[in-house]
Amino acid sequence: MSVENWPYPQIVAHRGGGKLAPENTLAAIDVGAQYGHTMIEFDAKLSDDKQVFLLHDDTLDRTSNGWGVAGDLSWSKLSQLDAGSWYSREYEGEPLALLRDVADRCRQHQMMANVEIKPTTGKEVETGRDVALAARELWQGQTAPLLSSFSYEALEAAMQAAPELPRGLLLDEWHDDWQALTQALGCVSIHLNHKLLDAERTAQLKAAGLHILVYTVNQPARARELLSWGVDAICTDRIDIIGPDFR
C-alpha cells in the first residue's frame with residue numbers, strides 16, 4: 001500500500017467498544033458497530049500453541065478471571081476464561097476472541113481494523129510474523145488491516161512476512177529519529193500519544209509523507225484541535241461522544 005492510499009476514517013474505536021464494553025472482545029466490536037463506527041483498534045498476541053487472540057496485557061489478571069502470562073497458556077485453556085464479567089454482569093461469560101472471529105465480525109459489520117501487534121515479552125519476532133500472516137489471510141476481500149506496534153522487532157517481522165500490509169509505528173514518547181525509524185519499517189503512518197503533538201510537530205510528520213493516528217483522545221475539543229492540524233485518525237474510548245461523523 002502506498003502512503004497516498006489511505007482508506008481509513010478519522011475516528012477509530014479503541015479496543016473495539018472504547019469504555020462502553022469489555023475491551024478486545026467480540027461484544028465490544030458489536031458495541032462499536034452499534035454506534036456507527038467503521039473502524040476499530042484492538043490488540044493481538046499469540047497463545048502458547050500459536051493461536052492469535054486478543055488481549056492487551058501480558059497477563060490475564062486485569063481483564064479476565066484468569067491469572068498469569070496469557071502467552072504461556074494454550075488456546076484450549078484461554079478459551080475457557082471469562083473476559084467480560086470484570087467489566088459488568090451484563091457481559092458475564094464473554095470469551096477471549098480469536099483473530100479469525102474478529103475478521104468475520106469486521107466483515108459482518110463492514111468495519112476496518114487497526115491490528116496492534118502486542119507480543120508477550122520475549123516473543124516479539126514470532127508474534128509480528130504470525131499476526132501479519134494471519135491478518136493477510138483473514139482479511140482477504142476486505143480493506144487491508146493497518147498493522148501497528150510499539151515493538152520495532154515485531155513490526156519489522158510483520159514487514160518481512162507480509163510486506164504488502166500497511167504498517168504504523170507506535171510511539172508513547174517523542175523520538176527525534178522518527179523519520180529513520182518509520183522509513184526503515186516502510187511505514188505509511190505513525191501512531192502517537194496525542195499529548196506528544198503540537199501543530200509544528202504535526203506539520204513535520206505530514207511533510208515527511210506520513211499519516212498520523214493519535215491515541216487515546218476522549219475530549220471533543222482536543223479531537224477537533226488535532227484534526228484541524230491535519231491528524232488523520234483519532235483513536236477514542238468515548239465512542240459515544242466522538243462518533244463516526246464527528247466534526
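Residues of the range 63-111 that are under 23 Å from GLN34 (Cα atoms), open to solvent by less than 60 Å² (accessible area, probe 1.4 Å) and among the polar types (S, T, N, Q): THR63, SER85, SER88. Taking residues in the range 177-205 that are β-branched (Val, Ile, Thr), and partners anywhere that are modelled with pLDDT under 95 and open to solvent by 20 Å² or more (accessible area, probe 1.4 Å), the pairs with Cβ atoms closer than 7 Å and at least 6 places apart or on different chains are VAL188/MET1; VAL188/VAL3.
The requirement of being closer than 13 Å to PRO22 by Cβ and either free of Cβ contacts under 8 Å to residues at least 24 places away in the same chain or not small (Gly, Ala, Ser) (or both) is satisfied by LEU54.
Residues are listed down the side, and each one gets a yes or a no for (1) in a helix (DSSP H, G or I); (2) in contact with an Asp or Glu (Cβ under 6 Å, 6 or more places away or on another chain):
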{"position": "LYS206", "(1), (2)": "yes, no"}
{"position": "VAL214", "(1), (2)": "no, no"}
{"position": "ASN218", "(1), (2)": "no, yes"}
{"position": "ALA223", "(1), (2)": "yes, no"}
{"position": "CYS235", "(1), (2)": "no, yes"}
{"position": "ILE241", "(1), (2)": "no, no"}
{"position": "ASP245", "(1), (2)": "no, no"}
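Quick check: anything in the range 3-14 touching a residue at least 60 places away in the same chain (Cβ under 8 Å), part of a strand (DSSP E or B) and touching a His at 6+ places or on another chain (Cβ under 6 Å)? Yes: one or more hits. For the range 39-46, check the following and say yes or no: at least one residue is among the aliphatic types (A, V, I, L, M), modelled with pLDDT of 95 or more and either within 19 Å of GLU124 (Cα to Cα) or part of a loop (DSSP other than H, G, I, E, B) (or both). Yes, because at least one residue in the range 39-46 is among the aliphatic types (A, V, I, L, M), modelled with pLDDT of 95 or more and either within 19 Å of GLU124 (Cα to Cα) or part of a loop (DSSP other than H, G, I, E, B) (or both).
I'd like to check something: does the range 24-38 contain any residue that is within 20 Å of PRO166 (Cβ to Cβ) and at pLDDT 95 or above? Yes, the range 24-38 contains a residue that is within 20 Å of PRO166 (Cβ to Cβ) and at pLDDT 95 or above. Screening the candidates THR143, THR127 for the property of being modelled with pLDDT of 95 or more, within 23 Å of HIS14 (Cα to Cα), in contact with a helix residue (DSSP H, G or I) (Cβ under 8 Å, 6 or more places away or on another chain) and of a type in the set (Val, Ile, Thr) yields one hit, THR127.
Within the range 231-239, is there a residue that is of a type outside the set (Phe, Trp, Tyr), open to solvent by 60 Å² or more (accessible area, probe 1.4 Å) and under 18 Å from the mean Cα position of the chain (by Cα)? Yes, the range 231-239 contains at least one residue that is of a type outside the set (Phe, Trp, Tyr), open to solvent by 60 Å² or more (accessible area, probe 1.4 Å) and under 18 Å from the mean Cα position of the chain (by Cα). In this structure, is ALA83 among the hydrophobic types (A, V, I, L, M, F, W, C) and outside any loop (DSSP other than H, G, I, E, B)? Here the answer is no, as ALA83 does not meet what is asked. No other residue among GLY209, GLY186 is at positive phi and touching a helix residue (DSSP H, G or I) at 6+ places or on another chain (Cβ under 9 Å) apart from GLY186.
The values are calculated or read from the model by the stated rules, or taken from the named source; none is laboratory data. Note that the structure is predicted; figures quoted are calculated from it, not measured. Please note: Cβ atoms are built from the backbone with ideal geometry, for glycine as well, and neighbour counts cover all protein chains shown. SASA here: full protein model, heavy atoms, side chains in, ligands and nucleic acids out. Shrake-Rupley method; radii C 1.70, N 1.55, O 1.52, S 1.80 Å.
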